[in-house]
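Please treat every number below as a calculation from the coordinates, not as lab data. Being a predicted model, the structure only gives us computed values, none of them experimental. Reconstructed Cβ throughout: ideal geometry from the backbone, glycine too, with neighbour counts over all protein chains shown.
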Amino acid sequence: MTETSPRDLFPGALEMMILESLRRQPAHGYALVQHIQQRSNNLLQVEEGSLYPALQRLLKAKLVKAEWSISSTNRRVRTYQITASGLRHLEQQISSFERMFEGIALVLNPGKSPAS
Amino acid sequence: MNWIPTIFHRRRLFDDLSEEMQLHIEERVEHLQREGLTQKEAERQARIAFGNLALVEERSRAVWQWPRMATVWADVRFAHRQLRRSPGFTVAAVLTLALAIGANAVVFSVMNAFILRPLNVPDAQSLYSLQHGDAPDGSLSYPDYLDLRDRNRSFNGLIAYNFASAVLDTGNNPSSVWIQEASGNYFDALGLHPYLGHFFHASDEHGPNSAPYIVLTYEFWHTHFQDDAGVLGRVVLLNKHPFTILGVAPQEFHGTLLFFNPGFFVPLVEDPLLVGDDMNARGTRWLFQTMGHLKPGVTPEQAAADLDSIGAYLQKTYPKDEGKMTFVLRRPSLYGDYLGRPLKAFMAGLMLLTGLILLAACANLGSLFAARAADRSKEVALRLALGSSRKRILRGLFTEATMISLAGGAVGLLGSIVLLRALSAWQPIPNYPIHLAVNPDAKVYAAAVLLALVSGLLFGAVPVRQVLRTNPYEVVKAGSGRIAGKRMNAREVLLVAQIAICAVLVTSSLVAIRGLIRSLHDHFGFDIENITLAETDLSMAGYSADRVPAMQKRMIDAMKALPGVESVGLADSLPLTVNGSGDSIVFTDNTSDLRPSNAATDAAMFHISPEYFHAAGTTLLSGRAFTWQDDKSSPQVAVVNKEFARKVFGSADSAIGHFYKMKDGTRVQVVGIAEDGKYNSLTEDPVTVMYLPILQSPSTSTMLVVRARPGLDNGQLQTATAMRNALRKLDTGLQVSIEARDRTLTAVLFGPRIATISLGVLGVMGAMLSITGIFGMAAYSVSKRLKELGIRVALGAQRKEVLQAALGRAFKLLAIGSGVGLVLGLLATKVLAFIVYQATPRDPLVLAGVVLAMAALGLLATWIPAQRALSVNPLVLLREE
């Protein structure tokens, strides 16, 4: 499945952000979009719809689970919750992402040595 | 096994997803409205923010889909819906393909059965049959066979066999059966093992009539002895002589001549008793075929050289009996080259024609798909505009093509199976155990499906370029009103090619049918009307040679006494029957060195009674017929045909009263000249023939030619019944087959008939394909230009002009295609002339027939589109815009 949204930063980035949001608190799709856009200071212009294929992938991999419920604003919503394996996955993803980011930073700023 | 529950839960998963997304958008709308947007504007913004809903949903669903199968299944369902929406296109495409696949499957199966499939013996690949280098047959005399068998160093045992019919009496109801007389080593050299009991062996043979044994074929054992194992050791009567049943041959073994299934096998050494051939005469070639397994490492060429050296030795040792003797080796399947080669040529021709059918069908499919794609260009553009990928659309297109291919292939294959079953059950020549085992096998199925897929996909691909180049904005904006230019496009070229191919098929089938009809009304050198034949062999009823002439005379007299009978002749064999005639080499009177290479001609030989010429309707050109005084005590005389006289004596006039010499040096005086005729086949070159008095060389083989007085109602039937009764009164043990003369031509006409039927069928198929092709083209061009036609009608165009505009092009293409096809077809029929007697392309009736047929097809095919064009109502059309 190579079907990632064209505005994804890189494969898996959206999933990572979703998992991170859900770690803080369970949420439904609309809330997730709001959350990600606010936290990124609207720098990440994600098409709202592109969230859903990512959510389905996470559901299928059992990294999150979903339940229908009634929200505080009295709406019928499908709330997603991160699972134990979702947490483990997120940890791995973040650490590998950090290493990658470090590597990219080194290449882009060759003057700075990692030691300093 | 994760996917098993997902399959059942998928529906719920998808429902959840849809609802969730819907709610998402609603929440966004509410949010935007709270920010002060109008409902309408809020909805718009929400949708923009969300992105392409359908696409998102599809991608989300794709996560759950069982990777390939589910998408394929979805495509199949979609294609199914699409095809159901255009039943006309679907039916036309499927039928077109079914016709082509069916025709090819039938021809391929027949070819598979005739040519590709070896005999049912172990190690069939190394089995070769002997064939004379200078004659298209494999007959040998018994002494020659023994020499070849014992002196060669190339074969693991050389076997020989002959066919005969005999009367089997198992205690009740004697009946006539076809048997195979086989050399003692037959089963052992072929490597066969009995299904039951045991076979006879070479060690059982001790000279003539020393091995009265029978080995049944499985089929005969099954049908005549009801699978009774107790039949072993039983003694039965064969032509009234006792024979012991030894065993049953393997189930799938039907003897060594393809399609000719004998009832059982008897040792060849029993022939003198059953049939009466001479086992010691070196010059009489009566063994039907000889074959054997080559030793490992020996090539057919080496083996032939080995046999040639034996042949040279025999010629040197027996110069009086043997001519030049050379051999070639052939696959035994259908009697080597003798039947095999013309058959192969015919099958190759048929394969070519069915290949053409396939081509025509493909051209047809191509234009159908192209027209459909053009019709759907708007839909494709719309789907592209809505965010569908080109890949997706192409996949849909190919799914449709594949479905049509498979459906067409399946329908075609089913049809062909029905046809082949019928063909296999059919016994083409009465009284002969010929079964065309042409049931399709896995090879045929595979070939048909492959053909269907390849042709379907290839021509389903025609519109690909169109899809790839579609610019959605242009098409949606402009509609699809492009009008074809002056130049022919690919679709029209395809149509012309298809029509040309169909015209070729129509032409060749008309030529063949004309040829056959003409050959049926030809004069063969004897009459057909009012003549009934009775055929028997007195040896089967136990008559010894000395009792034969008297019995035959009694038979003639009995026939003559029947009411309504005009005259009766008797002969040992008749022209244009399956058995054919004997033949013998003859010499001019002044030849003293009677070796075969000095022979004047090899003449067909008929032994006849005095009244034969009158009864058979063969005209005596000059001289006299025989009398009952032409017997053994009087000088040898002969009536020869014109061709014989010309070849041996130089001219017909100089033959009467002169002498020629038989093989043994006997001088024979020519007393009469008979007209030429056809003797073995309708397409043969002129044959030299001598008629000899039956009393001077008696034969047990008896064929009565009974001519009824013309003008009798139901005469044939009454004569046949009366004849049977009269002959039974003479001897109740006589096995007689009675048939009208024209019926006996069945066998001779078998080939041409089959050829004509096949060509006729192909011609009809070609015609049907051109109808669908032209119809498709015409219907398409009318529907494309309906608007234009409407405007023309509104501006006052006449019916003629409308028709001209709508269908002129279709007719032009038809004319070009037919012209090309006619020329090609006439060239192709030159090939036909080899099979179908008098198949000549230079026949005004055929030419006119083809032109008429194609014109009629064109009219038929354009009828509906023409009606549609004429009924154009400009008001309705213009209002629709």
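Treat every Asp and Glu Cβ in the protein assembly as shown as -1 and every Lys and Arg Cβ as +1, leave all other atoms uncharged, and give the resulting dipole magnitude about the Cα centre to the nearest 20 debye.
Values: 98 positive and 86 negative charges, 1136 e Å.
My answer is approximately 5460 debye.
Taking other Cβ atoms within 10 Å as a rough exposure proxy, B:Tyr161, B:Tyr612 sort from fewest to most as B:Tyr161, B:Tyr612.
Please give the residues of the range B:71-104, grouped as numeric ranges, whose backbone N is less than 20 Å from a label point set 7 Å along the Cα-to-Cβ vector of B:Lys443. In the range B:71-104, the label zone of B:Lys443 (backbone N under 20 Å from the point 7 Å along Cα→Cβ) covers B:101-104. Fraction of C-alpha pairs exceeding 43 angstrom in chain B: 50 percent, rounded to a whole number.
Under a straight-distance cross-link criterion of Cα-Cα below 28 Å, which lysines are reachable from B:Lys647, leaving out those fewer than 8 residues away in the same chain? Within reach: B:Lys320, B:Lys324, B:Lys632, B:Lys661, B:Lys663, B:Lys678.
Averaged across B:21-27, how many Cβ atoms of other chains sit within 10 Å of each residue's Cβ atom?
Working: counts 7, 0, 7, 12, 3, 2, 10.
Mean partner shielding for this stretch: 6.
Annotation note: trypsin sites (Lys or Arg not before Pro) in the range B:90-183 located in DSSP loop regions with a Cβ neighbour count of at most 13 within 10 Å are B:Arg153. For B:Thr217, nonlocal amide neighbours, meaning residues 5 or more places apart or on other chains whose placed amide H falls under 5 Å from its own, are B:Ala249, B:Phe264, B:Phe265.
Once the gyration tensor of the Cα atoms in the protein assembly as shown is diagonalised, the equivalent ellipsoid follows with semi-axes of 82, 38, 25 Å, ordered largest first.
For the range B:605-713, the set of trypsin sites (Lys or Arg not before Pro) satisfying both a DSSP loop assignment and a count of at most 11 other C-beta atoms within 10 Å is given as B:Lys632. For chain B, adding -39500 (n - 2.57) for each run of n ≥ 4 DSSP H residues and dividing by the number of residues yields -17000 deg cm²/dmol at 222 nm. The Kirkwood radius of the range B:531-744, taken over pairs of alpha-carbon atoms, gives through the Stokes-Einstein law at 10 °C and 1.306 mPa s a diffusion coefficient of 89 µm² s⁻¹.
The distance between label points at B:Gln427 and B:Ala345 comes to 3.2 nm (points 7 Å beyond Cα on the Cα→Cβ vector).
Would you mind getting the Kirkwood hydrodynamic radius of the range B:3-65 from its Cα pairs, rounded to one decimal in Å?
Numbers: mean 1/r = 0.0776 Å⁻¹.
With all distinct Cα pairs of the range B:3-65 included, I get 12.9 Å.
Each residue of the range B:585-601 was assigned a 3J(HN,Hα) from its phi angle through the Karplus expression (A = 6.51, B = -1.76, C = 1.60, θ = phi - 60°), giving 7, 10, 10, 5, 4, 8, 7, 9, 8, 8, 9, x, 5, 8, 4, 7, 6 Hz with x at Gly and Pro.
Antiparallel versus total DSSP beta bridges in the range B:174-313: what percent is that, nearest 5? Provide the component values of the computation, followed by the final result.
On the way: 8 of 16 bridges.
The antiparallel proportion sits near 50 percent.
Between the residues B:Val266, B:Tyr186, B:Ala856, the greatest Cα displacement towards the positive end of the dipole of chain B, with unit charges on the Cβ of Lys, Arg, Asp and Glu, is found for B:Ala856.
Summarising the label geometry, the points placed 7 Å from Cα in the beta-carbon direction at B:His521 and A:Asn42 lie 9.8 nm from one another. Its alpha carbons considered, the range B:124-332 gives a radius of gyration followed by a Dmax of 17.3, 53 Å. When only the Cβ of Lys, Arg, Asp and Glu is charged (+1, +1, -1, -1), the dipole of the range B:516-652 relative to its Cα centre reaches about 180 debye. DSSP assigns beta bridges within chain B; of those with both partners inside it, close to 80 percent run antiparallel.
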